[in-house]
Amino acid sequence: MCGFVGIHRLDGAPVDARLLRELADVLTHRGPDGAGVWTEDSVGFAHRRLAIIDPNGSPQPLSSADGTAHVAFNGEILNYRQLRSALDYPFSTDGDTEVLLAVHRERGRGGVEELRGQFAYALHDSTTATTWLVRDRMGIIPLYYAATPDFVAFASEAKALLPLLPGGARVDLDALDAYLAQRAVPAPHTLFEGIRKLPPGHTAQIGPRGISEVR
């Protein structure tokens, strides 16, 4: 188990690395073994790592060899060794995170179809100024997001997003009604107004105008 947070600003303002660290510290219990921050103009990720695969390598957030793709990843790609053997890529780690990056660089978003495992990740492509949010087919690993006119923020737990909500945390009454009736809140809703969860087996595209596609 790891945890990450990220912000993709829509107003052109730079992302505050210190703010990212503070938000990621809320997730320290998910990743006590390491912490990292990456920012580029109006996009940034912060990560808390629980080191299991390649414990002495694969620091996160991790960038591709050409510096154009950047990822914050939580989970495990079970077939990463098989995928790695078929990729022409200058690997510098022994982990599954870099394989995920290599798959994206070679095959684009469609490469997620080849991943087997449990995962949620945010990947920013500097060449297109696009950030992708991705969640595994069964929804084993959580991924939450909050969209405002100025930014889209995302995290492994909803509580890491609460400080960013305009007006603070408020209960989503429709979601509360569902919870009281069914003892569960169906995706994409959460108990917090303004916070949504990416449904299982879905990707979300974040561009200059915010979330333009969830499929």
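Figures for the structure shown
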| quantity | calculated |
| --- | --- |
| Residue order for 209, 84 - accessible surface, 1.4 angstrom probe, largest first | 209, 84 |
| Per-residue [θ]222 nm for the chain (sum of -39500 (n - 2.57) over DSSP H runs n ≥ 4, rounded to 500) | -5000 deg cm²/dmol |
| Dipole of the chain, positive end: most advanced residue of 140, 20, 211 [Cβ charges, Cα centre] | 140 |
| Signed unit charges on C-beta, dipole axis of the range 1-141, positive-most listed residue 118, 83, 63 | 118 |
| Amide H within-cut-off set for residue 130, under 5 Å, with H built and near neighbours excluded | 125 |
| Part-to-part distance (alpha-carbon centres) for the range 112-179 and the range 33-61, which is given in Å | 17 Å |
| Under-5 Å amide H pairs with residue 58, H placed in peptide plane, nonlocal only | 94 |
| Option label - mean projected area of the Cα convex hull in nm² computed here, alternatives (i) 18.4; (ii) 16.3; (iii) 11.3 | (iii) |
| Estimated dipole of the chain in Debye, rounded to 20 [Cβ of Lys and Arg +1, of Asp and Glu -1, Cα centre] | 380 debye |
| Candidates 83, 20, 62, ranked by Gaussian network fluctuation over the chain, Cα under 10 Å, top entry | 83 |
| Residues in the range 142-165 reached by a label modelled at residue 183 [backbone nitrogen below 16 Å; 7 Å Cα→Cβ] | none |
| Per residue value of the accessible surface for the range 95-178 (all protein chains in place, 1.4 Å probe), Å² | 40 Å² |
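The values are calculated or read from the model by the stated rules, or taken from the named source; none is laboratory data. Quick caveat: nothing in here was measured; it's all calculated off a predicted structure. With ideal geometry, Cβ positions are generated from the backbone for all residues, glycine too; neighbour counts draw on all protein chains shown. What goes into the accessible areas is simple: the full protein's heavy atoms, side chains included, and nothing from ligands, DNA or RNA. Shrake-Rupley method; radii C 1.70, N 1.55, O 1.52, S 1.80 Å.
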